[in-house]
1. I'm checking my understanding of the structure. Among residues of region 298-316 that are crowded, with 24+ Cβ neighbours inside 10 Å and at pLDDT 95 or above, which one is nearest to Phe92 (Cα to Cα)?
2. Look through region 46-67, keep the residues that are among the polar types (S, T, N, Q) and touching a strand residue (DSSP E or B) at 6+ places or on another chain (Cβ under 6 Å), and return whichever of them is surrounded by the fewest Cβ atoms within 10 Å (Cβ to Cβ).
3. If the requirement is being of a type outside the set (S, T, N, Q), crowded, with 20+ Cβ neighbours inside 10 Å and either part of a loop (DSSP other than H, G, I, E, B) or in contact with a strand residue (DSSP E or B) (Cβ under 6 Å, 6 or more places away or on another chain) (or both), which of these qualifies: Phe262, Phe289, Phe275?
4. Taking Asp209, is it acidic (Asp, Glu) and either closer than 30 Å to Ala159 by Cα or touching a helix residue (DSSP H, G or I) at 6+ places or on another chain (Cβ under 6 Å) (or both)?
5. Quickly run through region 1-13 and pick out the residues that are buried (at least 24 other Cβ atoms within 10 Å of the Cβ) and among the aliphatic types (A, V, I, L, M).
6. Within region 219-233, which residues are part of a helix (DSSP H, G or I) and acidic (Asp, Glu)?
7. Against the definition (in contact with a helix residue (DSSP H, G or I) (Cβ under 7 Å, 6 or more places away or on another chain) and outside any helix (DSSP H, G or I)), how does Ala303 come out, yes or no?
8. Among the residues of region 17-38, how many are out of contact with any helix residue (DSSP H, G or I) (no Cβ under 9 Å at 6 or more places or on another chain) and either surrounded by fewer than 19 Cβ atoms within 10 Å (Cβ to Cβ) or part of a loop (DSSP other than H, G, I, E, B) (or both)?
Amino acid sequence: MKKYDVVALGELLIDFTESGLSAQGNRLLEVNPGGAPCNVLSMLNNLGKKTNFIGKIGKDMFGDLLEEALVSVGIGIDGLKRDDEVNTTLAFVHTKEGGDREFSFYRNPGADMMLSEDDVDPALVGDTKIFHFGTLSMTHDSCRAATKKAIRIAEESGAILSFDPNLREPLWKSLDDAKEQVSYGMRHCQILKISDNEIRWFTGEEDFDKGIRKLQAEYDIPLILLSMGKDGSRAYTKDQRVEVPACIQENTIETTGAGDTFGACILNYVLEHGFREYSDEELKEMLSFANAAASIVTTRKGALRVMPQREEVEAMLKL
């Protein structure tokens with residue numbers, strides 16, 4: 001028996017999101033706790049799962065805010081470290097028409113990059129059913145080594161490994177380096193959540209099915225989830241391809257956290273039903289719940305503190 005359902009490793013940062021204009025006409029920015037791995041854990045906590053986080057923040061006011069946020073939503077902080085010298089990473093999020101975003105990062109360096117191998121507790125990583133990771137913790141040498149150490153421990157413990165590339169181009173020295181680390185993640189996961197723009201970039205294929213077939217030919221990934229925004233989502237296994245349309249919201253504000261919410265719901269389904277071969281109907285059930293949850297988040301500012309409850313998602317599915 002493992003103590004945790006999901007342990008995630010990666011970035012924890014502040015998202016400054018646009019929030020209207022001041023009386024003087026200046027753009028206002030709202031301080032939102034962010035970082036994809038913790039968004040995933042927050043949604044899982046709302047679904048009744050026990051989680052913990054491994055990452056690093058600064059010893060500053062933003063670090064204090066982030067630690068308080070994790071505690072408030074029920075995410076374990078046994079793996080959370082504080083850096084004495086480097087400040088908490090900041091991201092400024094510009095929301096474009098339609099809800100898509102572009103990011104400006106203050107991370108040269110940022111505290112999340114300072115996570116080291118010594119910061120990774122083998123007992124914590126070894127005590128989880130699912131270990132979840134992305135690539136923002138593989139952009140630089142120190143945090144890359146920490147991530148790969150955790151992956152080795154998780155594999156040795158028999159955990160299921162879940163990977164979300166979550167590509168943020170400005171944070172990489174080169175996209176060739178990014179592709180190398182994404183490839184590493186794909187070689188070490190059993191569950192892959194990938195977005196439409198990421199599959200195009202990584203495989204060079206405009207046709208998603210061709211792109212997924214390329215991945216399946218090169219990597220042994222039993223379950224691949226493709227998120228396509230307003231076009232819905234797909235699940236691929238060795239012999240199956242299932243597609244479910246999106247739940248379109250008229251009052252969408254922004255898409256921050258939608259992919260993380262979707263991914264969390266996939267992991268929740270695996271935890272509640274076991275990691276095995278699913279029928280087409282089960283995959284549709286999995287995707288439908290994940291799509292509905294993701295659509296709810298698009299109607300809210302931020303992500304980590306505003307993840308939907310199970311009852312809200314179930315109500316959305318009945319509409």
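The values are calculated or read from the model by the stated rules, or taken from the named source; none is laboratory data. These numbers come from a predicted model, not from an experiment. Heads up, the Cβs are rebuilt from the backbone with ideal geometry, glycines too, and the neighbour counts pull from every protein chain shown.
1. The selected residue is Met307.
2. Asn52
3. Answer to the selection: Phe262.
4. So Asp209 passes the test.
5. Val6, Val7, Ala8, Leu9, Leu12, Leu13
6. Matches in region 219-233: Asp231 only.
7. Yes: the conditions hold for Ala303.
8. The total comes to 13.
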